[in-house]
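One structure is given below, encoded as C-alpha cells.
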Amino acid sequence: MELIRLKSIKEYHKALGIGNPENPLLSVIDLSKVEPHPGEGLLSYVFDFYSISLKRTESGNIKYRYGQQKYDFDNGILYFIAPNQVFSFDADENFSSSGYIILIHPDFLWKTSLVKTIKRYDFFNYRINEALFVSEKEEAILTTFIKNIELENNLNIDKFTQNIIVSQIESFLSYSERFYQRQFLFRKINNHQILERLEDLIDAYFKNENLEQKSLLSVKFLATSLNISSNYLSGILKTHTGQTTQQHIHNKLIEKAKEKLSTTQLTITEIAYELGFEQSQSFSKLFKSKTKLTPKEFRETFN
C-alpha cells in the first residue's frame, strides 16, 4: 500500500480540497465546511507536522489505523498524531464528520516553551485505539480553545500572535491531559484486564526455562505483547500502582531473585542468567540498589 507523505500544511489542505491556509505553519480546519469526499479505499499518510483532531461522525462509517492498530471512531473523539507517525483511514462513500483539526508545523513552535514541553505529553505516543472519548462538557471546553486559536490565527499577525496562540495550545493540551487521566480512572475494568494479562505475561516469562531463548524482561516486550504502547502501559500502572512499567519489572525481578536465593542452591550467576541477565554483575548491581544487600549477603541471612 502506498504511503503518502504530506510535508506541509498546504499539502494537507489540498488533499482535503480546501483553500490554502492563512498561516503556512498553523491551521484550524472546521470539518463542517469541508465537502465530503467519496470513499477511496484504505489510504496511508505520514505528516511532517502535528495533527490534533476533535471529531464527530455525522454520517457513514470510517475506520482509522494508527501504526498497526485499528480503531472505529464514532462520536466525541480526540486524538493526536506527531510528525512521522503512520496514519491510515478507510471511509465509505457516505462518510462525513464535524469538528476541528489543528495542524501545527514544528517550525511554528521554534523559540517557544512548547518546543520541549510538547514532547512530554504521552498522548502523542498513544496508538489510535487509545484515543480519548470526550463528554459534551469536555468537548465544549476544548472547542473554546480551538476557536480562540482560529480567531487569533486569522487576525493580522503582530509580535504578540505567536505567544497568544501558543498559550491557547498549551491550555488545550493541559485540559486534554486532565481528560486522559480521567479516562484512565473511569476505564478501570479494561485497565484491570490489561493488568491481569500483564501479570500472566510476567509469570509465563519466569516459567520459561529455556535460557538460550531468554532475554531480560523489557517494557517493549510487555507492551508489544499486550498490543498497546509503552507509554500507555506505564500510564495505567502509574495510575493503579504508582509505578512505571520499568519499576514494576524491577520489583518482579527482585521478588523472583529473593525466592531463588532463599529456596534453591543455584549460584548467583545461574540465577542471573535464569532471570535474563547477560552479566551477573548487572544482576548484582540491580539487586543491591533495590535491597541494600548483595545477593550473597541476602542469601547469608537465611543460613
Based on the Cβ-Cβ distance from T161 to K207, what FRET efficiency comes out when R0 is 51 Å, to the nearest 0.05?
0.25
Protection-proxy order for peptides 136-144, 4-12, each taking the mean of Cβ atoms within 10 Å per residue, highest first:
4-12, 136-144
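Any read-out appearing in this document is the output of simple, stated calculations on the displayed coordinates, not a laboratory observation. No experiment lies behind these values; they were computed from the predicted model shown. As a convention, Cβ positions derive from the backbone with ideal geometry for all residues, glycine included, and neighbour counts pool all protein chains shown.
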